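Each remark here refers to the structure printed beneath this line.
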Amino acid sequence: MKPRVVRSESDEYLKAAGIVMVATVACLALRSRLASIDVVMILLLGVVAAAATHRRGPALVASLLSIAAFDLLFVPPYGTFNVFDTAYYLTFGVMLLVALTMSGLTSRIREQREAAAQRERHTSALYAMETDLAAAPDLEAVRTEASRHLGKLVGGRGWILLTDTPGDPNAPALPEEPVFDDAEVRVAAASAWTHQEPAGWGTPRGREVPVLFAPLLAGGATIGFAAVAPDDAEHDLPRADRETLSAMFALAAHAIERRQLAKVGEHARREIEAERLRTALLSSLSHDLRTPLAGIEGSASTLLDQTVTLGSAVQRELLESIIAESRRMTRLVGNLLDMVRVETGTLAVRKSWQPLEEPLGVALLRMEARLAEHPVTTRLPSDLPMVPIDELLIEQVFLNLLENAVRYTPPGTAITITAWPEAEGVTAEVADSGPGVRPGDEEAMFERFRRGPSASLGAADAGAGAGLGLTICRGIIRAHGGRIWIEPGSAGGTVIRFHLPGVNVPEGIPTVEAVTG
């Protein structure tokens, strides 16, 4: 919205006189065909036209000129202002009264129309700015949008300059722009900051400066100031535009304050969440590591006890127990560390195009001993495409899903791993034949430290996990842009399914179908 340029009074008076002249010439051209009353009507029409397009002063002059023209050119004796017929004085009075009334009414209507149009422009400008500020995703976007709207209002450029912290006594640094290089501009900026009042263009403090500075106040503290520089600093803004500019300053300050408060609230929320996570991890460490540590300590103490004679089979069993419990501790600590990376957003995903068989095969090899009591079937079709994945992370997903299947299913029950292409990617599932998940608990199973419903289904370490496996799986799959969910199996048990997005590649992977265990 550019500043309105007020027309000079001399131009308006000349244009009003020109309208009367046009009406007079038209009457002279048609003089032989017009009666006196017709001439009066045409001249009054010119007065109405002048009143509709100009202010009251020029309209009044148009009224007087129309009466003078009527007396001089259309009332005998022609060419003089002498009036022999006194009845014309009544005509002159009526013309003046009608002209003044019409000019007053039309001028008032025009002024009301201009005021309404001006209010609409200001309301639209404020609404557009508020809408754009509300949609701005971050603080920098708020500054950009506010600056754009301020510059649009004054027909120039705008800036939002912020301090490092609200209430900082140091004024924000001015941008490296040519308009700020002038010493008077910098004095105006310092004055606005020191006195907490607008300074510069159009204000008592530095009226001749081509930039207006205004402090931005929010929550009782100064968070910065706004600066606007019109392209034409010779013209001042009308009062209504100046009031709109002040309202825009307030809108910008409140929008910035909201973003800063949201940032502080988000930081506090993360701190609280991190503290909760630390507390939960410490609790899990103290609880879940106690059992394997006790087992290791007991086995090691028995081996070191010189008073006890142990056979080679017993010694081997105790050593295997130490190794098993150590591996169990390693898995627990690994899960806890993975959980920290997932929750803090530091999980690094290094994607490359890989067939899903690679991480699955490694996971099956690592789980070979624990899967010994479960027949495992894998079904991967020949048209299974490659997908962009982090092989180590997807391997961890399969490890966690297989550990859950082993932990919560009786020995001898089957585990099936299936994958198929779907929706420009790959969907995989691990299905077991255990008791399944209670209806309604499917989403809750992905919560931290949530364990399965039973710990007595036959696996030696059933229920001994930290309850982090599925949470880590969800974090990894989400980091790949996919999703993971739980469904009940068609013949019982639990099906955990996940989808990895990708693009099909020309070369497929040969079908691999095997039964182990």
Kindly indicate whether ARG370 is closer than 29 Å to GLU320 by Cα and open to solvent by 10 Å² or more (accessible area, probe 1.4 Å).
yes
Could you please give the count of residues in segment 346-367 that are assigned to a helix (DSSP H, G or I) and out of contact with any Ser or Thr (no Cβ under 8 Å at 6 or more places or on another chain)?
8
Test ALA115 against the stated conditions and say whether it is under 22 Å from ALA262 (Cβ atoms) and open to solvent by less than 40 Å² (accessible area, probe 1.4 Å).
no
Counting only residues in segment 276-295 that are open to solvent by 90 Å² or more (accessible area, probe 1.4 Å) and of a type outside the set (A, V, I, L, M, F, W, C), the one modelled with the lowest pLDDT is identified as HIS287
Within the set of pairs 6+ apart or on separate chains, which have a first residue in segment 83-109 that is farther than 20 Å from SER36 by Cα, a second that is open to solvent by 50 Å² or more (accessible area, probe 1.4 Å) and not in a helix (DSSP H, G or I), and C-beta atoms under 7 Å apart?
SER107/ARG55
Looking only at residues in segment 459-488 that are part of a loop (DSSP other than H, G, I, E, B) and either under 32 Å from the mean Cα position of the chain (by Cα) or surrounded by fewer than 17 Cβ atoms within 10 Å (Cβ to Cβ) (or both), which one is modelled with the highest pLDDT?
GLY482
Failed criterion for LEU217 (all others in (1) open to solvent by less than 20 Å² (accessible area, probe 1.4 Å); (2) closer than 22 Å to THR144 by Cα hold)
(1)
Please tell me if ASP38 is acidic (Asp, Glu), assigned to a helix (DSSP H, G or I) and more than 30 Å from ALA233 (Cβ to Cβ).
yes
Filter segment 208-222 for residues that are assigned to a strand (DSSP E or B) and out of contact with any helix residue (DSSP H, G or I) (no Cβ under 7 Å at 6 or more places or on another chain); the one that is modelled with the lowest pLDDT is ALA221
Near pairs, Cβ below 7 angstrom, 6+ apart or cross-chain, from segment 231-252 (within 27 Å of PRO178 (Cβ to Cβ)) to any residue that is open to solvent by 70 Å² or more (accessible area, probe 1.4 Å) and not in a helix (DSSP H, G or I):
HIS235/VAL5
Only unsatisfied item for LEU318, checking (1) at pLDDT 80 or above; (2) surrounded by 14 or more Cβ atoms within 10 Å (Cβ to Cβ); (3) closer than 25 Å to PRO501 by Cα, is (3)
Where residues in segment 418-435 are modelled with pLDDT of 80 or more and part of a loop (DSSP other than H, G, I, E, B), which of them is farthest from GLU320 (Cα to Cα)?
GLU424
For segment 131-186, which residues satisfy the criterion of being crowded, with 17+ Cβ neighbours inside 10 Å, part of a helix (DSSP H, G or I) and within 20 Å of the chain's Cα centre (by Cα)?
ASP132, LEU133, LEU139, VAL142, ARG143, GLU145, ALA146, SER147, HIS149
Out of (1) crowded, with 16+ Cβ neighbours inside 10 Å; (2) over 27 Å from LEU251 (Cα atoms), the one LEU126 does not meet is (2)
Checking HIS254 against (1) in a loop (DSSP other than H, G, I, E, B); (2) out of contact with any Asp or Glu (no Cβ under 9 Å at 6 or more places or on another chain); (3) open to solvent by 70 Å² or more (accessible area, probe 1.4 Å), only one condition comes out false. Which one?
(1)
Residue among TYR78, TYR88, TYR13 that is of a type in the set (Phe, Trp, Tyr) and modelled with pLDDT of 85 or more
TYR13
How about segment 187-207: which of its residues are in contact with a strand residue (DSSP E or B) (Cβ under 9 Å, 6 or more places away or on another chain), at negative phi and assigned to a loop (DSSP other than H, G, I, E, B)?
GLU197, PRO198, TRP201, THR203, ARG205, ARG207
Given (1) among the hydrophobic types (A, V, I, L, M, F, W, C); (2) modelled with pLDDT under 85; (3) outside any loop (DSSP other than H, G, I, E, B); (4) crowded, with 21+ Cβ neighbours inside 10 Å, where does LEU392 come up short, assuming only one miss?
(4)
What pairs come up if the first residue lies in segment 143-164 and is touching a residue at least 24 places away in the same chain (Cβ under 8 Å), the second is of a type in the set (Ser, Thr, Tyr), and their beta carbons are under 6 Å apart, counting only those six or more places apart or on different chains?
GLY158/SER147; TRP159/SER147; ILE160/SER147
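The values are calculated or read from the model by the stated rules, or taken from the named source; none is laboratory data. Remember, predicted model here, so these are calculated numbers, not experimental data. All Cβ positions, even for glycine, are placed from backbone atoms using ideal geometry, and neighbour counts span all protein chains on display. Quick note on the areas: whole protein, heavy atoms, side chains included, nothing else; ligands and nucleic acids left out. Shrake-Rupley method; radii C 1.70, N 1.55, O 1.52, S 1.80 Å.
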